[in-house]
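Q: Sharing a structure, written as structure tokens. Questions coming.
The values are calculated or read from the model by the stated rules, or taken from the named source; none is laboratory data. Because the structure is a prediction, the values reported are computed rather than measured. All Cβ positions, even for glycine, are placed from backbone atoms using ideal geometry, and neighbour counts span all protein chains on display.
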Amino acid sequence: MIVGVPRETAARERRVALTPADVARLRARDVRVRVQQGAGWRADFTDRAYAEAGATLVAHRAQVFADADVIAWVKPPAYDLDTVPLHAGQSLLGFQDPVQRAARIRSLEARGVHSVSFERISAEPGAAQLDPLSAMSMIAGDVAYRAGRALLPERVRVRPVRSLVIGCGRAGLAAIGAAVRCGDDRPTAIGIRAAQRESAIAGGAAHFLISPTPGAIVDLITATDPELIVCAAGHRGDQAPILLDHSALNSLTAGAVVVDLTAKAGGNCVATVANSTVRLPTGITVAHRSNYPADRPHAASRAYGAATAAEILRLAADFNRPQSTAPLP
């Protein structure tokens, strides 16, 4: 099997899909790797390190795609995929934005090019390695909370901030942890399962609510007056539910900030605009970025690459499995 790693071209993306350590791991299992020159430099991984790990360095992205059985990326490229030599039987491995790019993914499938969406891959229970989405969500929740806090008026952020975290998956729990580390008031958390309560409270949440209706969320906002809301509620690869409607936004105090991590899946907040920071007439700020982990490119690439290499090795096991030659009945 040949794996290709192109340079990332999505806006402000600084991660790389595989690190030199991941290349060495794959080479030890007879997986060949082609890396576009400069693919890792924004995450502090040099071309020399990739070469020493056993990768073949190539100058142009077309060379990366030409013979690769698997292309590993972090985010879908900014360029049109029709400008590179895709071929039937090839797999595109990484985040795919399956809600926004559904039509494009279907058109690629019709040509025999398979998109492996990390938004829809879950690690097996008890697995030693996190899946890529979980690995990135842990970083994204922390970074997003801090980014939202920085958007608050200075008079608010110089004291403990009142926060609400909607969604208690990896990103939501990381946001709760960030609140604790910032010295803020213990946040209120919202989840969808009673089993999440223990993790949320242990992580620093003061209160936990299970699946409140949008109307109940309005009542909660009125009662607690949160200054920062982090939205991270969604099911892998599916449309995100709208949990902050216009009534909820109108219940917030001017100067409050909403950070929505789910915009690529439609958003938990009715006012969310993907990759934008919007100031509402009521004085509320609603922010989203699709690549919060890119703020920590080296650490994020190490976590992402380890998870990606694990997925590649699973694909390699199927790729190398002998096909049956028994005659058809």
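Q: In this structure, is Leu93 part of a strand (DSSP E or B) and in contact with a Ser or Thr (Cβ under 8 Å, 6 or more places away or on another chain)?
A: yes
Q: Go through region 1-12 and report how many residues are in a loop (DSSP other than H, G, I, E, B) and crowded, with 21+ Cβ neighbours inside 10 Å.
A: Result for region 1-12: 2.
Q: To continue, here is another question. When only residues in region 218-260 that are hydroxyl-bearing (Ser, Thr, Tyr) and in a helix (DSSP H, G or I) count, which is surrounded by the most Cβ atoms within 10 Å (Cβ to Cβ)?
A: So, considering only residues that are hydroxyl-bearing (Ser, Thr, Tyr) and in a helix (DSSP H, G or I), the one surrounded by the most Cβ atoms within 10 Å (Cβ to Cβ) is Ser251.
Q: If you take the residues in region 88-109 that are in contact with a Lys or Arg (Cβ under 9 Å, 6 or more places away or on another chain) and on the phi > 0 side of the Ramachandran plot, which one is surrounded by the fewest Cβ atoms within 10 Å (Cβ to Cβ)?
A: Checking each candidate, the answer is Asp97.
Q: If you don't mind, there's one more thing I want to ask. Tell me the residue from Thr83, Thr19, Thr56 that is over 27 Å from Asp318 (Cβ atoms) and β-branched (Val, Ile, Thr), please.
A: The match here is Thr83.
Q: Which of the residues that make up region 171-190 are in contact (Cβ under 8 Å) with a residue 40 or more places away in the chain and either within 18 Å of the chain's Cα centre (by Cα) or over 18 Å from Glu227 (Cβ atoms) (or both)?
A: The answer is Ala171, Gly172, Ala175.
Q: Moving on. Yes or no: Gln63 over 25 Å from Gly266 (Cα atoms), out of contact with any Lys or Arg (no Cβ under 8 Å at 6 or more places or on another chain) and modelled with pLDDT of 95 or more?
A: Considered against the rule, which asks whether it is over 25 Å from Gly266 (Cα atoms), out of contact with any Lys or Arg (no Cβ under 8 Å at 6 or more places or on another chain) and modelled with pLDDT of 95 or more, Gln63 comes out as no.
Q: Further question: Those residues that are among the basic types (Lys, Arg) and part of a loop (DSSP other than H, G, I, E, B), I need them from region 13-45; list them, please.
A: The answer is Arg14, Arg15, Arg29.
Q: Determine if region 73-87 includes at least one residue that is touching a residue at least 24 places away in the same chain (Cβ under 8 Å), closer than 30 Å to Pro20 by Cβ and exposed (fewer than 11 other Cβ atoms within 10 Å of the Cβ).
A: yes
Q: Which residue pairs have Cβ atoms under 6 Å apart, sit 6 or more places apart or on different chains, and have a first residue in region 40-60 that is at negative phi and a second that is among the small types (Gly, Ala, Ser) and at pLDDT 95 or above?
A: Qualifying pairs under 6 Å: Ala43/Ser301; Ala53/Ala24; Leu57/Ala51.
Q: Since Leu244 meets every condition but one in (1) closer than 22 Å to Gln100 by Cβ; (2) without any contact (Cβ under 8 Å) to a residue 12 or more places away in the chain, which condition does it not meet?
A: Of the numbered conditions (1) closer than 22 Å to Gln100 by Cβ; (2) without any contact (Cβ under 8 Å) to a residue 12 or more places away in the chain, the odd one out for Leu244 is (2).
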